[in-house]
1. Looking at LEU156 and the list (1) touching an Asp or Glu at 6+ places or on another chain (Cβ under 9 Å); (2) open to solvent by less than 10 Å² (accessible area, probe 1.4 Å), which single condition is not satisfied?
2. Got at least one residue in the stretch 88-99 being under 20 Å from GLY366 (Cα atoms), surrounded by 19 or more Cβ atoms within 10 Å (Cβ to Cβ), at pLDDT 95 or above and not β-branched (Val, Ile, Thr)?
3. Quickly run through the stretch 208-222 and pick out the residues that are open to solvent by 30 Å² or more (accessible area, probe 1.4 Å) and either in contact with a Gly (Cβ under 9 Å, 6 or more places away or on another chain) or under 12 Å from ALA257 (Cβ atoms) (or both).
4. In the stretch 247-293, what residues are part of a strand (DSSP E or B) and at pLDDT below 60?
5. Of everything in the stretch 294-316 that's within 18 Å of VAL239 (Cβ to Cβ), open to solvent by less than 30 Å² (accessible area, probe 1.4 Å) and in a loop (DSSP other than H, G, I, E, B), which residue is modelled with the highest pLDDT?
6. Please find, within the stretch 64-114, the residue that is farthest from HIS184 (Cα to Cα) out of those that are among the small types (Gly, Ala, Ser) and touching a Phe, Trp or Tyr at 6+ places or on another chain (Cβ under 7 Å).
7. Open to solvent by 20 Å² or more (accessible area, probe 1.4 Å), among the small types (Gly, Ala, Ser) and at pLDDT 95 or above - does that describe any residue in the stretch 320-337?
Amino acid sequence: MTELQDHRLPELIADGSITSYAETVFGHLRRADQRRWAAAYVLGLLTTPGRKSVKRLAAQLHAGPTAAQSLHQFANASPWEWDPARHELLRLAERRTRVRAWTVGVAVLPKRGSHSCGVHQRFERATGRTVNCQMGIGLFLSSDTAHVPVDWRLRLPKEWDEDEELRARTRIPDTARHCSPTEHVLDLVDSLAPHSGREPVPVVADTSHHPTSGAYLATELTARGRHSVIAVPHGLRVVPEGQRVLAPGAPDGVLTAGRLLQLLSPKGAVSAAVDFRHGAPRADRLVSALVRLPGRRGVSPGVYRVFARRRPGSPGVGRIWLTSLVNPRLHDLLPLVQAHSGTVSALADLTENYGLRDFEGRSFPGWHHHMTLASAAYAYRRLVAGAPGEQWPQRRIA
């Protein structure tokens, strides 16, 4: 690789050094030149306006005539592990913020052609269009002030499991196979949990467009001793717990979550007046009920709560959430709901301003490298830049 020229931006290093930051986050890289290129890539993502192609990053850094090629090689071809860097981001977020939740974000990254790893056709509800894209599923650490991505999975279409030539060309390891988004979320939680230094916090996710994923995710997380707050479709089947609900035609007491909350809401049986913004009473109400979840093997042993917002005069309820947190007061759940909105905003920021969708390589390792570097740049800006008296522990490189 080309030797990186010394380059500093005073506004970024006034209270903390990008170089020292990269030495910590990417300290597992054995070669000094790799760590320098990691610092350069992160610095380029932080300072390059507009599209974050490697050519534009190199031009911004004034790093020499062959720097673009070296940056591309570092991100796409260099065989370095990304998990240790992501574990450092996890520990950084836990040290710097009071983490309320682990939140799930889905990044849809448009792509041209069919050769990039995991590219497929996907219908986007928000735009009503089918797009050619990669789909990344990220786990964020969410607090009142930041939502930091710390780990990612690339969803592979099912047909990529069987095309050995395609897998070899994009360097997909044998362990990477087609999985549902829910399976990816569980894998993210299982992979990161042993590296966390804090008490477990709830997992927050949106499965509102999947008929059964929310119930499956909730029960699997419960089995792992993890609380959850999950957006679910109105048609989720539930069995009311500990109360009699008159619903003609409901077989075996099974109702949809939307119907149950709609039946309860006019009576005010289990509702509470709460302002979603400031915690003060107003017209909007939270409607809640305790339920069990029916499945193939009967009804789940655990009790859950479904809740939603309803405004007087509205014919139905808003987005419905399913949670294993049945004891807290309803308004205590609102910061967890809002953590999901914060993660959606963070994803938009990562996409527009940190190059999340700008990776130009095609390989599986390259995609993970780029997502790790973009996450590191975002974490620096949100958690480190401007921190007074920053002292970075120096990692010993064997």
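1. That leaves (1) as the condition not met.
2. Taking the stretch 88-99 and keeping what is under 20 Å from GLY366 (Cα atoms), we get 88-89.
With surrounded by 19 or more Cβ atoms within 10 Å (Cβ to Cβ) added as a condition, the list becomes 88-89.
Restricting the remaining residues to those that are at pLDDT 95 or above gives 88-89.
Then drop every residue that is not not β-branched (Val, Ile, Thr), which leaves 88-89.
Taking every residue of the stretch 88-99 in turn, at least one turns out to be under 20 Å from GLY366 (Cα atoms), surrounded by 19 or more Cβ atoms within 10 Å (Cβ to Cβ), at pLDDT 95 or above and not β-branched (Val, Ile, Thr).
3. Hits for the stretch 208-222 are PRO211, THR212, TYR216, THR219, THR222.
4. Let us first name the residues in the stretch 247-293 that are part of a strand (DSSP E or B), namely 255-256, 271-273, 285-292.
Of everything in the stretch 247-293, those that are part of a strand (DSSP E or B) and at pLDDT below 60 turn out to be SER271, ALA272, ALA273.
5. First, the residues of the stretch 294-316 that are within 18 Å of VAL239 (Cβ to Cβ): 294-308.
Next cut, open to solvent by less than 30 Å² (accessible area, probe 1.4 Å) only: 300, 302, 304-308.
From what is left, the residues that are in a loop (DSSP other than H, G, I, E, B) are 300, 302.
Numbers: SER300: 76, GLY302: 88.
So the residue we want is GLY302.
6. Let us first name the residues in the stretch 64-114 that are among the small types (Gly, Ala, Ser), namely 64, 67-68, 70, 75, 77-78, 85, 93, 101, 105, 107, 113-114.
Filter once more, so that each one left must be touching a Phe, Trp or Tyr at 6+ places or on another chain (Cβ under 7 Å): 70, 75, 85, 105.
Working: SER70: 32, ALA75: 23, ALA85: 19, GLY105: 12 Å.
The selected residue is SER70.
7. no
Conditions tested, residue by residue: (1) of a type in the set (S, T, N, Q); (2) in contact with a strand residue (DSSP E or B) (Cβ under 8 Å, 6 or more places away or on another chain); (3) in contact (Cβ under 8 Å) with a residue 24 or more places away in the chain; (4) part of a strand (DSSP E or B).
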{"site": "ALA85", "(1), (2), (3), (4)": "no, no, yes, no"}
{"site": "LEU109", "(1), (2), (3), (4)": "no, yes, yes, yes"}
{"site": "ARG112", "(1), (2), (3), (4)": "no, yes, no, no"}
{"site": "GLY118", "(1), (2), (3), (4)": "no, yes, yes, no"}
{"site": "PHE123", "(1), (2), (3), (4)": "no, yes, no, yes"}
{"site": "ASN132", "(1), (2), (3), (4)": "yes, yes, no, yes"}
{"site": "MET135", "(1), (2), (3), (4)": "no, yes, yes, yes"}
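The values are calculated or read from the model by the stated rules, or taken from the named source; none is laboratory data. Computed from a prediction, not measured in an experiment: that's the story for all the values here. Cβ coordinates were reconstructed from backbone atoms using ideal geometry, including for glycine residues, and neighbour counts include every protein chain displayed. Please note that ligands, DNA and RNA were not included when accessible areas were found on the heavy atoms of the full protein model with its side chains. Shrake-Rupley method; radii C 1.70, N 1.55, O 1.52, S 1.80 Å.
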